[in-house]
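In what follows, a structure is listed as structure tokens, so that the remarks can point back to it.
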Amino acid sequence: MRILPGAEPWSVDGSEIGVLVCHGFTGTTQSVRPIAERCAAEGWTVRMPRLPGHGTTWQDLNRTVWTDWYAEVEAAYAELQQRCSQVVVAGLSMGGSLVTLLAEQHHEVAGLVLVNPMYEPKDPRLRALPALKHVVPSLAAIGNDIKKAGATELAYDRTPLKALHSATELWRRTARDLPQITQPVLLMHSPEDHVVEPSNSELLLSRVSSADVTEILLEDSFHVATLDHDAGRIMDETADFVRRVCAS
């Protein structure tokens, strides 16, 4: 199996503060590597897994389901837990969904960093997925929603429908259990996002039980904000948040 250059998993061993960083659906680790590298530069221990079916071909992704992706994230978290005294989890888009589910199921997670997370898609076309996935294997790509000229996301050029249908189950389960989130949350989201509707962030804010929630609007970025104009701010806010929640 050939992994696309730039889509490899990445890890660094550092202090007893751990950070798990997760990419999104049809994307790769390239989209969140800036977060991982910033956390490593702070001296922390970092794990950035490649989700199964990602970073190879969209046909590979169509042979996986959401539980495969979650198992990879949970394995990375288990490794960090063994090495570190505190672990913060961070995710972009569906990566945000996965680390939210992780925090719902593992209350010892120290904090949650979310960039344009997905929980409840509103696109009415998704209702056709149970039948459509058996007729059409893929549709147009959802990647590369970036405002910054010249910036490119390493992502598939097609959206595999069997995998997308499985992702909808992940989103339903995660949205259902949002009240179980009690950890500190840093939510950074783009008002102009052509992949994830703003209602997803509104849903998170209305349903989590956390007393410590910080919301930051990324006014100059589209969906893949980690590679967009607000990338620097995302890195700074993430580093400040990890320092704060792990010191408290």
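The values are calculated or read from the model by the stated rules, or taken from the named source; none is laboratory data. Quick caveat: nothing in here was measured; it's all calculated off a predicted structure. Here the Cβ positions follow ideal geometry from the backbone for every residue, glycine too, while neighbour counts run over all protein chains shown. Surface areas here come from the heavy atoms of the whole protein model, side chains and all, with no ligands, DNA or RNA. Shrake-Rupley method; radii C 1.70, N 1.55, O 1.52, S 1.80 Å.
Descriptive notes on the structure:
- Cα centroid of the range 57-127 to Cα centroid of the range 180-233, whole Å: 15 Å
- With the whole protein complex present, THR168 retains an accessible surface near 10 Å², based on a 1.4 Å probe.
- Stretching the chain fully between GLU16 and ARG63 yields a gain of 13.3 nm (0.36 nm per residue, less the alpha carbon separation).
- For the chain, the longest site-free run once trypsin sites (Lys or Arg not before Pro) in DSSP loop states with at most 15 other Cβ atoms within 10 Å are removed: 123-248
- Between helix 66-83 and the chain: long-axis angle, C-alpha atoms, 0 to 90°, nearest 10: 20 degrees
- Treating r as the C-beta distance of LEU203 and GLN81 and R0 as 35 Å, the FRET efficiency rounds to 0.80.
- Here the range 10-246 carries DSSP beta bridges of which approximately 20% are antiparallel, counting only pairs with both residues inside.
- Summarising the label geometry, the points placed 7 Å from Cα in the beta-carbon direction at GLU37 and HIS106 lie 2.6 nm from one another.
- Heavy-atom accessible surface of the chain: percent carbon and sulfur, 1.4 Å: 51 percent
- Think of a 1.4 Å ball rolled over the protein heavy atoms: the chain then has 41 Å² of accessible area per residue.
- When the surface is traced with a 1.4 Å probe over the full set of protein chains, HIS194 keeps roughly 110 Å² accessible.
- Probe 1.4 Å - accessible area at CYS246, Å² to nearest ten: 20 Å²
- With R₀ set to 45 Å, the beta-carbon distance separating MET1 from ALA211 gives a calculated FRET efficiency near 0.50.
- Chain lengthening between ARG173 and LEU139 when straightened (0.36 nm per residue, less Cα-Cα): 9.8 nm
- Of the residues VAL195, VAL65, ranked by 1.4 Å probe accessible area with the largest first, the sequence reads VAL65, VAL195.
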